[in-house]
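First the structure, in the form of C-alpha cells, and then the observations on it.
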Amino acid sequence: MESALWNLEDKWKLSTQKSVAFFACTCTLIIGICIVVAFIRRRAATRRNGLVGPAHDIEWSEPKLLGLNSTSVKKVLTRTVRWSGPSKWEEKRSRSHTERVSPLLVVAGQLKGEFDRWQSHNSDSPVWQRPILMGEKCELPRFSGLILYDERGRPVHHVDNDQFSVDQENGEAVGRTTLKDLLLWGVDPNPYFNQSCFKMSAYTPKNILITGAAGFIACHVANRLVRSYPDYKIVVLDKLDYCSNLKNLIPSRSSTNFKFVKGDIASADLVNYLLITESIDTIMHFAAQTHVDNSFGNSFEFTKNNIYGTHVLLEACKVTGQIRRFIHVSTDEVYGETDEDAVVGNHEASQLLPTNPYSATKAGAEMLVMAYGRSYGLPVITTRGNNVYGPNQFPEKLIPKFILLAMKGKPLPIHGDGGNVRSYLYCEDVAEAFEVVLHKGEVGHVYNIGTTKERRVIDVAKDICKLFNIDPEKHIQFVENRPFNDQRYFLDDQKLKNLGWEERTMWEEGLKKTIEWYTNNPDWWGDVSGALLPHPRMFMMPGGIERNLDGAEKYDSGSTEFSGKSTETKTVAPASKTSDVPQKSPFKFLIYGRTGWIGGLLGKLCEKQGIPYEYGKGRLEDRSKLLADINAVKPTHVFNAAGVTGRPNVDWCESHKTETIRTNVAGTLNLADVCREHGLLMMNFATGCIFEYDAKHPEGSGIGFKEEDTPNFAGSFYSKTKAMVEELLKNYDNVCTLRVRMPITGDLSNNRNFITKISRYNKVVNIPNSMTILDELLPISIEMAKRNLTGIWNFTNPGVVSHNEILEMYKKYIDPAFTWANFTLEEQAKVIVAARSNNEMDASKLKKEFPELLPIKESLIKYVFEPNKKTSA
C-alpha cells in the first residue's frame, strides 16, 4: 500500500515537474517571440527615420543634462554612429566620419486637436518646442502633418500620427531621427544637452566686407564689429544712396581696422577688385532698396539693386573662390502675410509667398543665394528679420517718421485703419543677432531674427504721442492704404535663440532711446520733408553724396575711400572746399543750397575749375547767419541754389505754404538784401514754370516767352511764390535771375532728372516744353558770374522738345524694348494736386551772349544720350 502510494506520489511529482518545465518553456518562448517582435518593430521604426544604415557601430553615452528641471526625465541617451554604407551625406563628406547624434522629436508642422487646451495647462514647460528626451515622461497634444527637414531645410519626410506619435500613457516617443541626417528645422539641442555631444563649429573671420553699411541696420553692425573685434578688418562698401549717411559710421572712422569704399555692388569690377585686394573671406550683404512704398512706384530699381546687385556679389564670390561665409540679409516679408489667428510663427522652412515688389525681389535674391550654395558650394547663410527701429534710421520708415512729425506738431499719417500688426526689434539687439549668426550660424541655414511681441501700427502711433504728451485723437490722421498692405508678419525665432541670442531691449526703453536720439539730432538727415509724406515715391535726398558727407569724413579729390589708417582725409564742414591750384584764383564763391541738386553740382564744377568756394551754413531767413557767412568767407560772388520745390514734387507746397513762403520769398529777398549791402552779385536760380501757353504764345508756334513778359501761370503755389519773388527782385540791381526749366543731366540714375522721372511713369503727357541741360548750362552760369551779368535770363536751351520725343531717344539709345503710354492733361489732373506749367521760353538773349549754346535736341544727344548709349543706334 505504501509502495503504491509512493509510486503515485512520484508520478504526481514527475508530472508536476514536467508541467512546470513545459510552462517555463512556453513562457520563455512567448517572451522570446515578444522580444523579437519588439526588436523588429523598433528597428523598422528607426530605419524609417534614417537612423539605421548598413554596417554601423553603436556606442551609448550619458551626457550631462542642462536646463531641465523635470523629475520625470529618466535618462538621456546619445549614440555614436560610425557610417560605412553609402548615403548622400557620406558622398558629400567622408565614409568614415564619426558624428554624435541624438534622438529628437519636434512638432514642426501645424499642431492640431488639443493644442490650445494642452498649452494652457503646460505653459511653464513647452516641451513641444524642444527635443523629447528618450524615456521622458511628458504629455503632448496629438498632431498630424509633421514635416521633417534635412540640414539644408528641405522636407524629407511627411509623418502622420500612425507613423510617428507619442504614447499618451507612458510618454515614450515611437520613432527616432538623427541630428545630422534629419535636422529638425529650428531646434538646437544645446540648451538641453551637453555641447560636447554635438558638433558646434565656431567661425572666426578675418576680413569682412559689409555692403550698405552707411545705411541703418548695417551701420550698427559695422560699428559693433569694429568696436568689439579689433583683430577683424571691416571694409564697408556703400554707394551712398538717399537713405545712407556717412555720419552713421562716425564711431568707426578713427579705428585702424575700418575702411570705407564708395561704390555700387552692381559694379562687378569693383567688387572683384575689393575681394582680391582686401583678402575678403566674409561678406555680410545688407545693401538693398527696402522701402515698400517706393517699390510700388519704381519696382525696377528694386530689381536692379536687390536681385542684380546680389547676383554680382555671388558671382564674384564664385570667381575668387576665397569666401568662407556669405551672410545674406533678407526680410520677414518674404513669407507673406501671416494668418491673424496663427499661434505659431513662420519658421525658417515656411513657404515664401511675397506680396509686394520689394519682398518679391528679396525672395528672388534668396533663391540666387540658395542656388549658389547648392550649385557651387558657396558657404551661405540667410537671415530674415522683423522690423527694426532705433537711432540713425532714415525717416521714410514708420517710427522715425512719426517721431519727426510729432516733434514738429504735425499729424501722424496711418495707412488704412492702423490695424496692421508688426513686430519691432531695437537696432542694437539686431546688431547682436548678426554677431551671433556670424560666429555661430551654420552654413546652408536660414535664421529668423524676430520677436513674439507684436503691436498694431495705431498702437505705435499712440505710444509716440504719449511720450510727446500730445493728444492722439488730434494728431493721428488716417490716409489711403497701400495697394496691398500685409495684415501681419509673425516669426518663430527659436532657432536663433538656441544659438544664444535673445532680445534685450524692451519696447518702451527702445522707443525712449530712439526719441531722445532724434530730439538731439533733428538735422541728421537734412531736408527730409519728402520722406515725411504719407506715401513717398522714390524719395531722393537733394544733393547726392554731398548731403551724406555733411559732418563726416570725406575722401580727397579723386579718391573713393577713407579708412582709419589714412591721415589725408578731411572734414567737409566747416572746412573750406578749396582746391589746390597753381595760382590764386581771383574768384571765391559762397554757395547756398548745399543739399540741393544744383548746389551740389556747382560745388563739383568749382572743384573742376579750381575756383575756391564754401557752402553757406545759415538758413536764408536768418539774416544774422547770412552776415556771419559773408564775413567769414569773404566771397566775390554768391550763388543761391536754395529753395523749396517740394518732395517728391510741387504738390507738397500746396499743404506747406508757410514753409514755401519762408524760403522762396522771405529767404531769397533776405539774401539779396545782404548781398547788396556788401556789394556782392547774387546768382539766383529761379524757375521758368511761371508761364503757360496762351493765345499770344500758342503751343507749337515757336513763339516763346521773353524775359520781360509778365508771368501768367498760377496753377501751383510753388509757381506763385517764384513769380512773386522774381517781381520783387527786379528792384535789386545786384541780382542775376536764371529761369531753369525741367532740368536734365547725363546722370540717368538721379531721380530728380526729368528724363529719369518720365521714364519711370506709367503714363506721360505729350507736350513740347523748353528744358535746361545742366551739363551745358551750369558752366555757363559760372561764366555769367565772372562777367558780372545781372537781370533776368531764360536759362534754357533754345527750342522745345516733347515728352514723346525724349522717350523715343531713350528707346533708341538706351532701351530698345522700352514702351510707354500717353494720357491727356485732363487725365493727368486727376492724379496730381497742383497744375503743371507747360511753355516755350525764348532763349535768344542767352544765345546771343553765348553763341555756342546748343538747341535742346542736339544738347540732349551730346550730353545725355550719347554718353549713356547702350544700343547700336
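The values are calculated or read from the model by the stated rules, or taken from the named source; none is laboratory data. Everything quoted here is computed from the prediction, not taken from an experiment. Note that we place each Cβ from the backbone using ideal geometry, even for glycine, and neighbour counts take in every protein chain shown. Just the protein is used for accessible areas: all its heavy atoms, side chains included, with ligands, DNA and RNA removed. Shrake-Rupley method; radii C 1.70, N 1.55, O 1.52, S 1.80 Å.
Observations, loosely collected:
- Residues being open to solvent by 10 Å² or more (accessible area, probe 1.4 Å) and at pLDDT below 95 - total across segment 299-311: 8
- The sole residue among 788, 797, 766, 762 that is surrounded by fewer than 20 Cβ atoms within 10 Å (Cβ to Cβ) and touching a helix residue (DSSP H, G or I) at 6+ places or on another chain (Cβ under 7 Å) is 766.
- Helices (runs of 4 or more DSSP H) (entirely within segment 601-697) containing at least 1 residues that are open to solvent by 30 Å² or more (accessible area, probe 1.4 Å) and acidic (Asp, Glu): 651-654, 657-661, 668-677
- Of all residues in segment 449-461, at least one satisfies being modelled with pLDDT of 90 or more, open to solvent by less than 20 Å² (accessible area, probe 1.4 Å) and farther than 21 Å from residue 415 by Cα.
- Some residue of segment 370-377 being under 30 Å from residue 519 (Cβ atoms) and modelled with pLDDT of 90 or more: no
- Once segment 698-711 is narrowed to residues that are surrounded by 14 or more Cβ atoms within 10 Å (Cβ to Cβ) and not basic (Lys, Arg), the residue that is nearest to residue 663 (Cα to Cα) is 711.
- In segment 430-447, the residues that are under 18 Å from residue 490 (Cβ atoms) and either without any contact (Cβ under 8 Å) to a residue 24 or more places away in the chain or in a helix (DSSP H, G or I) (or both): 430, 433
- Residue in segment 775-798 that is outside any helix (DSSP H, G or I) and within 17 Å of residue 758 (Cα to Cα) present: no
- Consider segment 712-744 and keep the residues that are polar (S, T, N, Q) and buried (at least 21 other Cβ atoms within 10 Å of the Cβ). The one that is farthest from residue 676 (Cα to Cα) is 716.
- From 771, 809, residue being in contact with a strand residue (DSSP E or B) (Cβ under 8 Å, 6 or more places away or on another chain) and either in a helix (DSSP H, G or I) or in contact (Cβ under 8 Å) with a residue 24 or more places away in the chain (or both): 771
- Selection status of residue 754, open to solvent by less than 40 Å² (accessible area, probe 1.4 Å) and in contact (Cβ under 8 Å) with a residue 60 or more places away in the chain: no
- Residue match in segment 475-489 (condition: modelled with pLDDT of 85 or more, surrounded by 15 or more Cβ atoms within 10 Å (Cβ to Cβ) and either part of a loop (DSSP other than H, G, I, E, B) or small (Gly, Ala, Ser) (or both)): no
- Single match in 696, 657 (criterion: at negative phi and at pLDDT below 90): 657
- Scanning segment 246-261 for residues that are assigned to a strand (DSSP E or B) and touching an Asp or Glu at 6+ places or on another chain (Cβ under 7 Å), we see that the one that is most open to solvent (accessible area, probe 1.4 Å) is 259.
- Filter pass, residue 381 being at pLDDT 95 or above and either buried (at least 20 other Cβ atoms within 10 Å of the Cβ) or under 24 Å from residue 339 (Cα atoms) (or both): yes
- Every test in (1) of a type outside the set (A, V, I, L, M, F, W, C); (2) more than 21 Å from residue 530 (Cα to Cα); (3) not in a loop (DSSP other than H, G, I, E, B) is passed by residue 718 save one, and that test is (2).
- Residue selection: residue 747 fails the criterion of being part of a helix (DSSP H, G or I), under 27 Å from residue 851 (Cα atoms) and either open to solvent by 20 Å² or more (accessible area, probe 1.4 Å) or in contact with a strand residue (DSSP E or B) (Cβ under 6 Å, 6 or more places away or on another chain) (or both).
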